[in-house]
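Report on the following structure.
Derivation of every value follows stated rules applied to the coordinates shown; laboratory data play no part. On a predicted model such as this, the values are computed, not experimentally measured, just so you know. Quick reminder, even Gly has a Cβ in these numbers, built from the backbone with ideal geometry, and neighbours come from all protein chains shown.
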Amino acid sequence: MTVALANMNSRQTSRSRQTSRPRGFTLIEMLTVITTIAILAALLLPILSKAKIKAQRTACLSNLRQLGLAWVMYKDDNNGFLSESYPTNNPDVWVQGDMTNPNQAGDAGLIRQGKLYPYNGNVLIYHCPTDQGVCISGTVVPTVRSYSMNCFMGARDPTLGPIPSTAAGYVPFYAKDSDIPNPSQMWVLIEEDERSINNGFFITDPTAGIWFSFPPISVHRHNYSYVLDFADGHSEIWRYNDPRSFQVSVNQTEQPGDTDLASLARATSTPK
């Protein structure tokens with residue numbers, strides 16, 4: 001009987017040890033967990049991506065608002081005369097530097113030489129967080145500036161003729177704030193595509209036939225939207241609606257009838 005009890009206790013102890021031994025995941029359980037994680041990731045990634053795009057667009061909007069405020073303070077300090085946008089051999093231009101020149105693209109010192117810089121003093125507000133840089137000779141070069149100014153804003157030598165050439169029937173430029181009709185509808189500063197940006201002088205065809213310069217047209221730059229700052233100080237986000245706009249990739253692309261180009265042209269200049 002003693003032997004029988006000993007054997008029984010031994011079997012119970014063995015079963016107890018087996019029962020208390022940690023049990024690992026079965027293959028089916030592991031596959032279930034992996035599938036659940038994959039589904040959650042698939043659901044969350046678009047949300048996180050949208051949140052990132054919104055945050056970057058908000059930062060870009062803030063940059064242009066600050067630059068727009070600097071523009072307002074400059075003209076208030078100069079009896080209503082606007083900071084100039086024409087860049088060639090012009091020490092009074094709003095910003096210096098050509099983003100297609102590898103020696104200037106990353107030179108923050110050229111931003112500091114611009115007429116608007118003293119009114120904020122932060123070179124970082126000249127760059128959009130989504131701007132990956134300009135491709136020069138097959139190499140992507142980081143740039144310090146992502147924004148440009150309406151080519152009709154600020155005085156310039158009238159002997160230069162209309163800029164662009166299609167603007168002969170339009171006001172050549174606005175020298176003072178009092179010259180701007182409907183300031184809330186006329187843009188001053190704009191976010192520019194890295195394939196278009198150069199010297200800070202954004203050329204728009206007022207007849208809406210040619211994209212001489214163009215705002216960002218890509219997924220990584222705010223998902224096919226861009227930011228503008230207007231003469232009354234407010235900023236807006238504009239989205240592309242015309243499918244033809246998505247085909248633009250180089251300056252001076254002809255697209256008469258493009259509704260996006262027409263909207264931009266209406267807010268750029270006015271007929272004489």
Taking the Cα centroid of the range 155-192 and of the range 200-254, what is the distance between the two, rounded to the nearest whole Å? 17 Å
Compute the label zone of residue 113 within the range 69-106: residues whose backbone N is under 17 Å from the point 7 Å along Cα-to-Cβ. 84-106
Burial ordering of 196, 62, fewest other beta-carbon atoms within 10 Å first: 62, 196
Pseudo-spin-label distance residue 76 to residue 123, built 7 Å along Cα→Cβ, given in nm, is 2.7 nm
For 193, 179, 157, 229, which order do you get if you count the other beta carbons within 10 Å of each Cβ and list the fewest first? 157, 179, 193, 229
Classify the range 198-272: rounded, prolate or oblate, from the alpha-carbon gyration tensor (a ≥ b ≥ c, eigenvalue square roots; a/c under 1.5 rounded; otherwise prolate if a/b is larger than b/c)? rounded
List every residue whose amide H lies under 5 Å from the amide H of residue 188, counting only residues 5 or more places away in sequence or on a different chain, with H placed 1.01 Å from N in the peptide plane. 229, 230, 231
Please enumerate, by chain and number, the lysines with C-alpha under 20 Å from the C-alpha of residue 115, excluding those fewer than 8 residues away in the same chain. 75, 176
³J(HN,Hα), Karplus 6.51/-1.76/1.60, whole Hz, each residue of the range 83-91, x for Gly, Pro: 4, 8, 10, 5, x, 5, 6, 10, x
